[in-house]
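Notes for the one structure printed next.
The values are calculated or read from the model by the stated rules, or taken from the named source; none is laboratory data. Since the model is a prediction, treat every value here as computed from it, not as a measurement. Cβ atoms come from the backbone with ideal geometry, glycine included; neighbour counts cover every protein chain shown. Surface accessibility is based on the protein's heavy atoms, side chains included, excluding ligands, DNA and RNA. Shrake-Rupley method; radii C 1.70, N 1.55, O 1.52, S 1.80 Å.
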Amino acid sequence: MSAHSIGSATVSFGLVSVPVKLFSAGESSANISFNWLHKKDGARLKQQYVCSKDGEKVEKDDMIKGYKLEDGRYVLFTTEELKTLEEPKGTGAIEIMEFLPADQVDRIYMDKTYFLGPDKGGERAYRLLAEALKKTGRVAIGQYAARGKGYLIMIRPIGGRLAMEQLRYADELRSIDEVPVGEVEIKPAELSLAVQFIEQAATDQFRPEAYENKVRQRILEAIQKKVEGQEIVEAPEEAPKTQIIDLMEALKASLAKGKQREEREEKPAKKRARG
């Protein structure tokens, strides 16, 4: 089944315009959601807005948006006033500002990914941009305006196609220097063992298919049990306790465990080779 477009836009670089379609990079069906129901009759509940001052139910026509100031007051904006603040070019304009080496954008800025496909009449320009980015090893940095919001974006080539990654602006990120780590001294022997353990478990390629969402699978199994009329009784798991351990001994035990796993994996391989 082909992907379903969730929107359209125009990528502009220089005097070249590329009409594109946007596709979600994630699979929405993978998400599991629950609805709030009335316990008495099982009917779905509706959300209502209630005034925090007098408890009165407020209809949409009586609502207005406000920006809260530090002193607790609000600056009010009507829907019409907010519309005047939107991007003058309207929605769907992706303007490329510069081209950077692919490794110059730190992953900490990554927020969300979309796939881009050529819209009607844009196939040649689309393929040209994808091939040029691949050949130069660069990514395109620009800004995207849609639905009254402005986004910082990066466009990069993937498998002959283009992906658009929504980035965080600089003022949207905190500094990692704010995270307290304490003052400790790492012993050379500890570092050596840690490096050995990393090299022991090292691989050269990321294989996402080797991992599965166990929490999601457990929820789906529980849902199926409910459908079949079974009771769900799970043994409570004790939360892991924080323990003060000997770091050297823990590293040695980890290495030994890794070697045992390697030996178990090697035995079947040797039997197949002899066979």
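A 1.4 Å probe run over the chain, with the rest of the protein chains in place, finds 86 Å² accessible per residue. With N the number of residues in the chain, Rg(Cα) / (2.2 N^0.38 Å) evaluates to 1.45. Counting only DSSP beta bridges with both residues in the chain, the antiparallel share comes to about 95 percent.
What ranking, highest mean first, results for peptides 141-153, 163-175 when packing means the other Cβ atoms within 10 Å averaged over each residue?
Ranked by mean Cβ neighbours within 10 Å, highest first: 141-153, 163-175.
Compared with the dominant principal axis of the Cα atoms in the chain, helix 247-274 is inclined by about 80°.
Here the accessible area of the chain is 52 percent carbon and sulfur, with a 1.4 angstrom probe and all protein chains present. Each peptide in 203-211, 48-56 receives the mean, over its residues, of other Cβ atoms within 10 Å, and ordering these scores from highest gives 48-56, 203-211. Between R174 and Y74, the simple spin-label model (points 7 angstrom out along Cα→Cβ) gives 2.8 nm. P(r) tail, the range 88-217: Cα-Cα pairs separated by more than 27 Å, 45% of all pairs. Semi-axes of the equivalent ellipsoid of the range 83-163 are 23, 17, 10 Å, computed as sqrt(5λ) over the eigenvalues of the C-alpha gyration tensor in descending order.
Assign one of three labels to the range 145-226, namely rounded, prolate or oblate, based on the Cα gyration tensor with a ≥ b ≥ c the square roots of its eigenvalues; rounded applies when a/c is under 1.5, prolate when it is not and a/b is larger than b/c, and oblate otherwise. Oblate is the answer for the range 145-226, as a/c is 1.5 or above yet b/c matches or exceeds a/b. A protection proxy built from the mean count of other Cβ atoms within 10 Å ranks the segments 68-78, 13-23, most packed first, as 13-23, 68-78. Extending 7 Å from the Cα toward the beta-carbon at both E212 and E190 defines two label points whose distance is 3.8 nm. The angle separating the long axis of helix 123-136 from the principal Cα axis of greatest extent in the chain is about 40 degrees. Modelled spin labels at A25 and S5, positioned 7 Å past Cα toward Cβ, are 2.0 nm from each other.
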